[in-house]
Protein chains: 2
Amino acid sequence: MAKPSASALVDDTAAEIRARIMSGEIPIGAQLRQDDLAKSLGISRTPVREALRQLQAGGLIEVMPRRGAVVRVPAPWDVRETYEVRAELEGMACERAVSRITGDGLRELRRANDAVRPGAILSAGSSTAANDEFHTLIHGVAGNERLAKVIREINEAFPRNVSALVLQDNPRHREDNFHEHERIIAALEAEDAETARREMRAHVLSAGEQLARWYERRSATVFKG
Amino acid sequence: MAKPSASALVDDTAAEIRARIMSGEIPIGAQLRQDDLAKSLGISRTPVREALRQLQAGGLIEVMPRRGAVVRVPAPWDVRETYEVRAELEGMACERAVSRITGDGLRELRRANDAVRPGAILSAGSSTAANDEFHTLIHGVAGNERLAKVIREINEAFPRNVSALVLQDNPRHREDNFHEHERIIAALEAEDAETARREMRAHVLSAGEQLARWYERRSATVFKG
DNA sequence: GGAATAGTCATTGGATCCAAGGATCCAAAG
DNA sequence: CTTTGGATCCTTGGATCCAATGACTATTCC
């Protein structure tokens, strides 16, 4: 799928702003003033505006007419709904991967997952990186570009650093994560499509539930002050 | 899900251009010059540019840097991939609808489908309209906003008038369509989630196959001259 | 006569300019 | 002291201007 890439500058700008939000450098709920971003990137407001519109289409930010843009604060129910959809799609990808994956593919999955085995020393963010890699590998094997694209777009709806926090703060979740991945690999190896789909689905739903709980706790804290 | 709606003008512009493409007024493969669109809409090029970028994000058009935008010509394999994803999501929606649909909901579905029963007199485009309504009703009942949104976005990737042509030119397909809908309604009424999902999945896949074949015939014709 | 190159043209991309609208702050009145 | 009304300011949205680049054409050389 050849990316037409309308304009290098606008796309780069969008990518840069997205990265800053994903990394938490621009926090959830923060105001995004076009002039600030433009000066911070050394360009004029025009490409910034278009980039913001692109991010809005992805759902990462909200733009109120004449009132500016803010990084969207996901509601817990929205996180749950989104992860239900993602779970379905990742399950589909995993099922499709069963008949397509090779021995090399399985080895790669194991390697990606071993990086986060219980007891491993992890730098900040590396556990989400490994997690992302695991899923991306499966999307690649699934052999459906559109499917991969839709999942990617869904994942861009929420800041990535939050998922990192969820994993970092809870060794228990990290361990669960690891074992869920192991079960998925086992199902792929056994060529059990039904189980592969079910395990992946459960895995994503569980991750979504953790994320939704994190946002619930966050909003409770914010409301109290 | 409150739509932030960044700017009325840009969104309206995007909607207008999208409508023109969907209706076939702007044909597949046509060049889209910003200046023409701007003059045709009585506005400046700025909102047109942003609207085009929005349409590009949806995949309806392709923008090559410095070379302008064209209405994307979907490749048959792309149609098939996309409809596989859509089939999965519509199946999910249908499964979820089983436990949520009411008697009134079932009646509405029957009414929407009866409009296209074999032998009914149909005006141009009304069969796709009825088809769209049938699916939209189910999305509403499924009770997952994000799911409905993702399906909507996927549907916006291909011009709508082509689907209309596919149905209009083939009474046989229209009839098949009607019976597939009937089976889906029956499964919903019987509260058989598994069957509802399977029937909807098959229904969407079949529609996708027809659409892909249409594009195959089209490209064959074009290449011959 | 054909091909290559240079020059012109058309169209997009980015910057700047101007208008419009909402928020905030201050003052005045109840 | 509180509330309401107005004025000012800040930020975004749309229009216009200028630069950059790819396409088309004509001319010249082989």
Overall dimensions of the stretch B:42-163 as given by Cα atoms, namely Rg and Dmax in Å: 17.6, 55
Helix-only [θ]222 nm of chain B, DSSP H runs n ≥ 4, -39500 (n - 2.57) each, per residue, nearest 500: -24000 deg cm²/dmol
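Once you average over the residues of B:80-92, how many Cβ atoms of partner chains fall within 10 Å of each Cβ?
Numbers: counts 2, 8, 6, 1, 5, 11, 2, 1, 10, 5, 0, 2, 7.
Rounded to a whole number, the mean comes out at 5.
Hey, what did chain B get for relative contact order, percent, Cα under 8 Å, at least 6 apart? Intermediate values should be presented prior to the final figure.
Values: 249 pairs, mean separation 60.5, N = 225.
Relative contact order comes out at 27 percent.
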Charge tally in the Cβ shell below 13 Å around A:ILE101, where Lys, Arg are +1 and Asp, Glu are -1, A:ILE101 excluded: -2
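May I ask for the equivalent-ellipsoid semi-axes of the stretch A:8-71, computed as the square root of five times each C-alpha gyration tensor eigenvalue and listed largest first in whole Å?
Details: eigenvalues 47, 35, 27 Å².
Listed largest to smallest, the semi-axes of the stretch A:8-71 are 15, 13, 12 Å.
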Selected from B:ASN177, B:GLY208, B:ALA97, residue furthest toward positive end of dipole (the stretch B:86-225; charges at beta carbon): B:GLY208
Residue-averaged beta-carbon neighbours from other chains (10 angstrom radius) around B:61-70: 3
Candidates A:LEU211, A:LEU60, A:LEU41, ranked by Gaussian network fluctuation over chain A, Cα under 10 Å, top entry: A:LEU41
Protein accessible area in chain B, 1.4 Å probe - carbon and sulfur %: 50
Average partner coverage of A:48-55, which counts Cβ from other chains inside 10 Å: 4
Dipole in debye (nearest 20) - the stretch B:76-224, about Cα centre, beta carbon charges: Lys, Arg +1; Asp, Glu -1: 400
Selected from A:ARG33, A:ARG80, A:ARG66 as most flexible by GNM, with chain A as the system and alpha-carbon contacts under 10 Å: A:ARG66
Intensity falloff of chain A expressed as log10 I(q)/I(0), Debye formula with alpha-carbon point scatterers, at q = 0.08, 0.09, 0.13 Å⁻¹: -0.33, -0.41, -0.83
Accessible surface, per residue, of the stretch A:76-224 when the full set of protein chains is kept, probe 1.4 Å, Å²: 47
Longest to shortest principal axis, alpha-carbon extents of the stretch B:126-225, angstrom: 51, 29, 24
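What whole-number value in cubic angstrom gives the convex hull volume per residue for the C-alpha atoms of the protein assembly as shown? Present the calculation step by step, with values, prior to reporting the outcome.
Numbers: hull volume 78.3 nm³, N = 450.
With only Cα atoms used, the protein assembly as shown gives 174 Å³ per residue.
The values are calculated or read from the model by the stated rules, or taken from the named source; none is laboratory data. Just so it is clear, the model here is predicted, and its values are computed rather than measured. Backbone-built Cβ (ideal geometry, glycine too); neighbour counts: all protein chains shown. To get the accessible areas, we keep the full protein, side chains included, count just its heavy atoms, and leave off ligands, DNA and RNA. Shrake-Rupley method; radii C 1.70, N 1.55, O 1.52, S 1.80 Å.
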